[in-house]
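Participant: Quick one: the structure is below, questions incoming.
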Amino acid sequence: MPTKIHPTKALLISTTVDLLGTKLPGEIAVDEILEASGISKGSLYHHFEDLGELLEAAQVEIYAAWVDRSVEALVGMIAKVKTREDIVTGLKLVTRFTQDKKYSHTRFQRARAIAAAEHNPRFKKRLAEEQTRLTDALIDLINEARNKGLYAKDFDAHAGAVLVQAYTLGMIVDDFVVNQMDPEAWYDLIDKVVDKVFLV
């Protein structure tokens with residue numbers, strides 16, 4: 001059974017998540033969080049070692065929310081498919097959902113979190129737990145599709161799970177350039193990769 005988070009701690013995290021929607025982690029001050037949440041400084045430092053730990057917790061929360069959305073979309077799709085045509089249609093929808101331009105901000109948030117974790121063992125451990133949860137869910141979904149006779153068995157499921165995430169997050173390299181690619185051309189390329197590599 002999951003451990004229930006203390007309401008004060010939860011409020012501090014959700015307040016910080018809201019602030020991270022419009023600000024970078026380094027732009028957020030303790031007093032700003034306290035004012036927005038109505039929580040005292042003493043309570044904040046009772047639940048968190050320092051501001052850095054609170055910012056890490058909020059970034060993990062954002063990362064976890066993306067994991068939840070991604071897994072939910074894929075689980076729902078795999079549960080319904082019965083034929084190759086079904087899974088082709090479902091995967092096209094998932095590709096367009098996860099890689100839409102409107103999620104550019106989310107990709108930047110994820111990239112910032114990953115970069116910040118590189119030299120921070122505490123943050124790296126927590127972020128890795130969420131990352132592993134997503135990778136494991138994708139491995140399970142690949143195996144489920146294989147059990148339904150829809151996915152090829154000539155590639156490693158773990159490698160396949162990482163590849164899917166690599167091209168999803170990889171969209172970020174086009175998010176900030178002036179001469180951006182045609183999204184439909186990108187979707188078409190991914191559809192071809194899925195068809196030739198993943199499907200039978």
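The values are calculated or read from the model by the stated rules, or taken from the named source; none is laboratory data. Only a predicted model underlies this, so the values are computations on that prediction, with no experimental measurement involved. Here the Cβ positions follow ideal geometry from the backbone for every residue, glycine too, while neighbour counts run over all protein chains shown.
Participant: Here is a list: 122, 96. Which entry is in the same structural domain as residue 194 (by TED's automatic domain parsing), surrounded by fewer than 17 Cβ atoms within 10 Å (Cβ to Cβ) and over 22 Å from residue 163 (Cα atoms)? Outline the logic, then answer.
Facilitator: Working: 96 fails: over 22 Å from residue 163 (Cα atoms).
Residue meeting the stated conditions: 122.
Participant: Looking at segment 130-147, which of the residues that are closer than 27 Å to residue 63 by Cα and more than 19 Å from the chain's Cα centre (by Cα) is surrounded by the fewest Cβ atoms within 10 Å (Cβ to Cβ)? Working first, answer last.
Facilitator: Step one: list which residues in segment 130-147 are closer than 27 Å to residue 63 by Cα, which gives 130-145.
Next, only the ones that are more than 19 Å from the chain's Cα centre (by Cα) stay: 143-145.
Working: 143: 14, 144: 16, 145: 23.
It comes out as 143.
Participant: Just give me the residues in segment 173-186 being in a helix (DSSP H, G or I) and either among the aliphatic types (A, V, I, L, M) or surrounded by 12 or more Cβ atoms within 10 Å (Cβ to Cβ) (or both), in sequence order. Walk me through it before giving the result.
Facilitator: Here is the first cut: in segment 173-186, the ones in a helix (DSSP H, G or I) are 173-175, 183-186.
Answer for segment 173-186, where residues must be in a helix (DSSP H, G or I) and either among the aliphatic types (A, V, I, L, M) or surrounded by 12 or more Cβ atoms within 10 Å (Cβ to Cβ) (or both): 173, 174, 175, 183, 185, 186.
Participant: Pick from 56, 61: which is at pLDDT 90 or above and either exposed (fewer than 14 other Cβ atoms within 10 Å of the Cβ) or within 30 Å of residue 145 (Cβ to Cβ) (or both)? Please lay out each step first, then the result.
Facilitator: On the way: 56 fails: either exposed (fewer than 14 other Cβ atoms within 10 Å of the Cβ) or within 30 Å of residue 145 (Cβ to Cβ) (or both).
Sole residue among the options that is at pLDDT 90 or above and either exposed (fewer than 14 other Cβ atoms within 10 Å of the Cβ) or within 30 Å of residue 145 (Cβ to Cβ) (or both): 61.
Participant: For segment 123-143, does any single residue satisfy the condition of being closer than 24 Å to residue 76 by Cβ, in contact (Cβ under 8 Å) with a residue 60 or more places away in the chain, small (Gly, Ala, Ser) and out of contact with any strand residue (DSSP E or B) (no Cβ under 9 Å at 6 or more places or on another chain)?
Facilitator: Yes: one or more hits.
Participant: Here is a list: 189, 150, 127. Which entry is crowded, with 16+ Cβ neighbours inside 10 Å and farther than 22 Å from residue 67 by Cβ?
Facilitator: Values: 189 fails: crowded, with 16+ Cβ neighbours inside 10 Å; 127 fails: farther than 22 Å from residue 67 by Cβ.
That would be 150, the only listed residue that is crowded, with 16+ Cβ neighbours inside 10 Å and farther than 22 Å from residue 67 by Cβ.
Participant: Next question, about the same structure. I'd like the full set of residues that are exposed (fewer than 12 other Cβ atoms within 10 Å of the Cβ) and assigned to a loop (DSSP other than H, G, I, E, B), limited to segment 7-23. Let's see the steps before the verdict.
Facilitator: Quick first cut of segment 7-23, residues exposed (fewer than 12 other Cβ atoms within 10 Å of the Cβ) only: 7, 21-22.
Hits for segment 7-23 are 21, 22.
Participant: Among (1) under 30 Å from residue 141 (Cβ atoms); (2) crowded, with 16+ Cβ neighbours inside 10 Å, where does residue 39 come up short?
Facilitator: The failed condition is (1).
Participant: Among helices (runs of 4 or more DSSP H) lying entirely in segment 81-155, which contain 1 or more residues that are over 18 Å from residue 193 (Cα atoms)?
Facilitator: Details: elements: 84-98, 104-117, 121-147.
Answer list for segment 81-155: 104-117, 121-147.
Participant: Let me ask something else about it. Report yes if residue 96 is more than 22 Å from residue 64 (Cβ to Cβ) and free of Cβ contacts under 8 Å to residues at least 12 places away in the same chain, otherwise no.
Facilitator: Values: more than 22 Å from residue 64 (Cβ to Cβ): yes; free of Cβ contacts under 8 Å to residues at least 12 places away in the same chain: no.
It is false that residue 96 is more than 22 Å from residue 64 (Cβ to Cβ) and free of Cβ contacts under 8 Å to residues at least 12 places away in the same chain.
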